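Trainee: Below are the structure tokens for one structure; questions will follow.
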Amino acid sequence: MSAVTTAKTDASQEASAATEIAEGSSTRYTPIQSRSERFTSADVTDFGPALSYDLEWKLTPIARIADLLDAALTGAPAGVTLPTQDGVSAVWVDRDDARIGSAGLPEERASANAWSHFEKALAIDVSSEIATEFVVTRTGLGLTPRAAHTVITAKPFSRGLVILENSGDANLSENVEIVVGDQAHLTVVTVQEWSPESNHLASHFARVGRDATLRHIVVSLGGGVVRVNPSIHLVETGAATEAYGLYFANSGQHLEQRVYIDHVAAQTRSRVKYKGALEGASARSVWVGDVRIGPDAVGTDSYEENRNLVLSEGPRADSIPNLEIETGDIMGAGHASSTGRFDDEQLFYLQSRGISEAEARRLVVRGFLTEIVHQIGSDGTEARLQAAIEAELTDSATNKQEK
Amino acid sequence: MSQLLIRDLHVSVETEQGTKQILRGVDLAIGAGETHAIMGPNGSGKSTLAYAIAGHPKYKVDSGSILLDGVEVLSMTVDERARAGLFLAMQYPVEIPGVSVTNFLRTAKTAIDGEAPAIRGWIKDVRTSMANLKMDPAFAERNVNEGFSGGEKKRNEILQLELLKPRFAVLDETDSGLDVDALKIVSEGVNRAKENTDLGVLLITHYNRILKYIQPDFVHVFVAGRIVEQGGPELAVRLENEGYDRFLTADASVG
Ligand SMILES: Nc1ncnc2c1ncn2[C@@H]1O[C@H](COP(=O)(O)OP(=O)(O)OP(=O)(O)O)[C@@H](O)[C@H]1O
Ligand SMILES: [Mg+2]
């Protein structure tokens with residue numbers, strides 16, 4: 001169990017030292033510094049520079065996102081289209097709005113940099129008590145390094161599905177706060193279909209209330225470096241979350257997700273399932289799944305899972321589950337992680353049944369990822385993403401055999 | 001009449017120790033509706049012959065030809081061969097995670113026929129074939145071969161044979177790993193296919209027992225990469241009693 005507590009004014013330095021020890025003693029499932037003790041601040045100057053051996057950044061190509069870590073980001077709202085919808089309000093608010101900071105604070109430099117520089121926050125309030133879908137599209141941000149801030153608040157008893165659809169060029173660091181009121185049922189989906197030149201770093205902070213449910217889904221298909229890190233805090237009795245993720249990394253792409261589920265209150269439940277496909281020599285993915293079960297979180301039921309499917313020679317998928325348990329009285333806590341290959345024998349088997357190579361790959365990828373797509377709960381978005389996933393398959397054999 | 005004609009087939013495989021020659025001149029002619037049994041010692045190259053017919057990329061054809069109704073099969077891709085009417089029931093069927101049997105069968109049927117099967121009739125066909133093979137309907141929703149027992153995998157191969165309706169099928173040790181009841185069920189499946197579609201069968205086996213259910217027209221003895229003797233069903237009985245000794249001593253090039 002975690003034991004080390006340090007003065008954390010220079011958190012990144014301290015954390016990196018701790019990391020080296022944790023690695024050396026190969027205690028992968030019991031991080032030396034408890035996740036709950038990490039330093040947080042909304043001010044970027046409280047964080048030291050990101051270093052390639054920091055626990056936080058060691059798996060990320062920081063040279064490619066230097067702007068987002070260090071530059072003075074442009075903070076004006078940009079590229080956002082908002083629909084009008086009964087039961088949902090969406091307005092731009094000032095930095096001093098009471099909603100800001102209600103779900104969490106940055107744990108690392110890029111997140112704090114965004115927080116320090118955003119000018120207006122997008123506040124989305126869901127009050128509808130019948131299931132409502134609300135789609136925010138964001139496109140045409142350009143490659144200027146930017147900051148953004150969003151707060152999604154689900155009122156008690158409300159039900160909603162909020163989809164953040166991102167496409168085009170972007171060089172963006174942002175924070176998304178999610179507050180789920182008592183007995184509310186909210187689904188938040190963030191879809192990254194950025195251009196290959198784009199970089200996107202996002203921290204999502206969620207607080208889930210009494211007997212409330214947050215379903216959180218991260219879909220990353222397009223972009224150069226895309227790093228989406230949801231921290232979900234189950235702070236009241238009976239709070240539950242289902243956190244899903246789907247990614248498809250091609251050559252040149254680094255798709256990262258660091259998921260943190262914090263069981264604070266009793267009788268809380270979490271399910272985490274991230275699935276990723278990788279194809280192409282330099283395709284890269286990172287999944288880190290931290291689950292903490294705090295001392296008061298009795299009766300907790302938790303399970304996290306990451307599956308990767310490698311479709312060619314060369315990609316690298318890191319998959320790192322961490323479980324921190326501070327109470328003995330839990331219902332269950334488990335994790336699973338695997339990285340499998342679609343290999344030549346599988347391809348041969350399918351082809352020997354008349355299925356072309358291109359169709360065989362589609363069949364396998366569809367079979368693998370569809371489960372996550374179906375979690376979204378919006379027919380239109382699901383169908384569109386299904387097609388987008390299949391379009392990710394870029395094997396030369398595909399091009400050869402397609403008519 | 002349809003014919004699968006194998007002529008002077010030489011096949012090798014790349015191993016860490018270098019190129020290994022496995023098939024050394026195989027000649028075989030199979031007509032529609034005929035059943036040819038191939039029996040031979042372990043490592044003699046029977047599966048290699050099966051894979052070479054199906055087009056497995058690991059096996060390199062050095063010379064010879066395989067003609068299906070006069071058309072060269074060797075220049076076709078694996079899936080083209082299947083669409084031309086060839087089928088291989090594998091000795092070790094492969095697990096395909098994430099793809100359900102139902103989805104797989106429909107995709108394969110669509111690929112082979114060039115159009116999607118009419119949905120109602122197809123569902124009924126799948127159900128009937130599964131029932132005939134005594135496969136629990138729950139298998140339809142499981143991933144292809146994933147976690148199937150050895151015998152269940154073999155039934156799944158024959159299920160595909162029945163539904164895809166090829167013209168020629170190579171059955172590579174479909175009988176091994178089957179209990180007596182399953183052997184009977186699977187054999188009946190093959191016989192149904194023979195009856196309904198005039199299927200030509202190349203049946204690779206070590207045991208005479210399957211030949212009691214699936215009557216061979218010809219039995220070939222396969223040793224060291226080629227056919228060394230041919231005969232009728234009586235040859236299988238003799239092989240089972242005597243083993244392959246007389247062929248092994250006669251052929252110094254083994255090993
Ligand atoms: N991919 C491969 N790499 C190396 N050697 C191979 C490979 N495939 C086959 N061989 C070798 O070729 C020979 C023939 O193998 P094959 O599987 O065709 O035999 P078989 O007659 O089917 O045997 P069995 O009765 O045991 O199934 C064996 O010596 C085998 O080890
Ligand atoms: Mg064999």
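Trainee: Most mobile of A:Ala121, A:Ala266, A:Ala71 per a Gaussian network model of chain A (Cα springs, under 10 Å)?
Mentor: Of A:Ala121, A:Ala266, A:Ala71, the Gaussian network model singles out A:Ala71 as fluctuating most.
Trainee: Mean residue ellipticity at 222 nm from the helices of the protein assembly as shown, using -39,500 (n - 2.57) per DSSP H segment of n ≥ 4 over the full residue count, to the nearest 500 deg cm²/dmol? Don't skip to the answer; put the middle values down first.
Mentor: On the way: 16 runs with 170 residues, N = 658.
Calculated from helices alone, the mean residue ellipticity at 222 nm is -7500 deg cm²/dmol.
Trainee: Another one. Can you give the convex hull volume per residue for the Cα atoms of segment B:16-81, as a whole number of Å³? List each step's numbers first, then the result.
Mentor: Working: hull volume 7.4 nm³, N = 66.
Taking the convex hull of the Cα positions in segment B:16-81, it is 111 Å³ per residue.
Trainee: Related question: Using Cα springs under 10 Å in a Gaussian network model of chain B, which residue among B:His206, B:His56, B:His220 shows the largest mean-square fluctuation?
Mentor: B:His56
Trainee: Determine the residues within segment B:59-98 where the difference in accessible area between the chain on its own and the full set of protein chains amounts to at least 20 Å²; count protein heavy atoms only and use a 1.4 Å probe.
Mentor: Flagged in segment B:59-98: B:Val78, B:Asp79, B:Ala82, B:Met90, B:Val94, B:Ile96, B:Pro97, B:Gly98.
Trainee: Chains A and B: buried accessible surface, both sides, probe 1.4 Å, rounded to 100 Å²? Before the final figure, lay out the partial values.
Mentor: Values: alone 15530 and 12050 Å², together 25640 Å².
Answer for the A-B pair: about 1900 Å² buried.
Trainee: Near A:Lys275, which aspartates and glutamates are there with a Cα under 13 Å away, not counting those fewer than 8 places off in the same chain?
Mentor: By straight Cα distance, A:Lys275 reaches A:Glu256, A:Glu304, A:Glu305, A:Asp318, A:Glu371.
Trainee: Cα-based Rg (one decimal) and Dmax (whole number) for chain B, in Å?
Mentor: 18.0, 58
Trainee: If you don't mind, another one. Given a cut-off of 32 Å, what percent of all Cα-Cα pairs of chain A lie beyond it? Intermediate values should be presented prior to the final figure.
Mentor: Values: 26101 of 81003 pairs.
Cα-Cα pairs of chain A separated by over 32 Å account for 32 percent.
Trainee: If you don't mind, there's one more thing I want to ask. Less than 13 Å Cβ to Cβ from A:Pro77, Lys/Arg counted +1 and Asp/Glu -1: what total charge do the surrounding residues give?
Mentor: Working: positive: A:Arg95, A:Lys120, A:Arg138, A:Arg146; negative: A:Asp94, A:Glu119, A:Glu174.
That sum, taken over residues with Cβ under 13 Å, equals +1.
Trainee: While we're looking at this one, here's another question. Using a simple charge model, +1 on the beta-carbon of Lys and Arg, -1 on the beta-carbon of Asp and Glu, nothing else, what dipole does segment B:108-188 show about its Cα centre, in debye to the nearest 20? Intermediate results must be reported in sequence, preceding the final value.
Mentor: Working: 12 positive and 15 negative charges, 67 e Å.
For segment B:108-188, the charge dipole is close to 320 debye.
Trainee: Tell me the GluC sites (Glu not before Pro) within segment B:72-162 that lie in a loop according to DSSP and have at most 11 other beta-carbon atoms within 10 Å.
Mentor: For GluC sites (Glu not before Pro) across segment B:72-162 that sit outside H, G, I, E and B with at most 11 neighbouring Cβ atoms in 10 Å, the list reads B:Glu115.
Trainee: Sticking with this one: Run the dipole for segment A:203-298 about the Cα centre, Lys and Arg Cβ at +1, Asp and Glu Cβ at -1, nothing else charged, and hand back the magnitude in debye, nearest 20. Mind showing how you got there, number by number?
Mentor: Details: 11 positive and 8 negative charges, 24 e Å.
About 120 debye.
Trainee: Same structure again: Test of understanding: express the Cα radius of gyration of segment A:233-311 as a ratio to 2.2 N^0.38 Å, with N the residue count. Let's see the in-between values first.
Mentor: Working: Rg = 15.1 Å, N = 79, 2.2 N^0.38 = 11.6 Å.
Cα-based Rg divided by the globular estimate yields 1.30.
Trainee: Restricting the count to DSSP beta bridges whose residues both fall in the protein assembly as shown, what percent are antiparallel, rounded to a multiple of 5?
Mentor: 20 percent
Trainee: Comparing A:Val272, A:Val364, A:Val225, which has the greatest mean-square fluctuation in the GNM of chain A with Cα pairs linked when under 10 Å apart?
Mentor: Result for chain A, Cα springs under 10 Å: A:Val364 fluctuates most.
Trainee: About its Cα centre, how strong a charge dipole does the protein assembly as shown have in debye, to the nearest 20, once Lys and Arg get +1 and Asp and Glu get -1 at the Cβ?
Mentor: 1240 debye
Trainee: Using a 1.4 Å probe, what is the accessible area per residue for the protein assembly as shown, in Å²? The partial results should precede the final answer.
Mentor: Working: 25640 Å² over 658 residues.
That works out to 39 Å² per residue.
Trainee: For a test of understanding, tell me how many lysine pairs in segment B:3-254 have Cα atoms under 18 Å apart, given they are 8 or more places apart or on different chains.
Mentor: 21
Trainee: Can you return the lysines within cross-link range of A:Lys273? Criterion is Cα-Cα under 25 Å, with same-chain partners fewer than 8 residues away left out.
Mentor: Partners within reach: A:Lys58.
Trainee: Points 7 angstrom from Cα along the Cβ direction at A:Ser52 and A:Glu326: gap in nanometres?
Mentor: 3.5 nm
The values are calculated or read from the model by the stated rules, or taken from the named source; none is laboratory data. Model, not experiment: these values are computed from the prediction. With ideal geometry, Cβ positions are generated from the backbone for all residues, glycine too; neighbour counts draw on all protein chains shown. We work out accessible area using only protein heavy atoms, side chains counted, and drop any ligands, DNA or RNA first. Shrake-Rupley method; radii C 1.70, N 1.55, O 1.52, S 1.80 Å.
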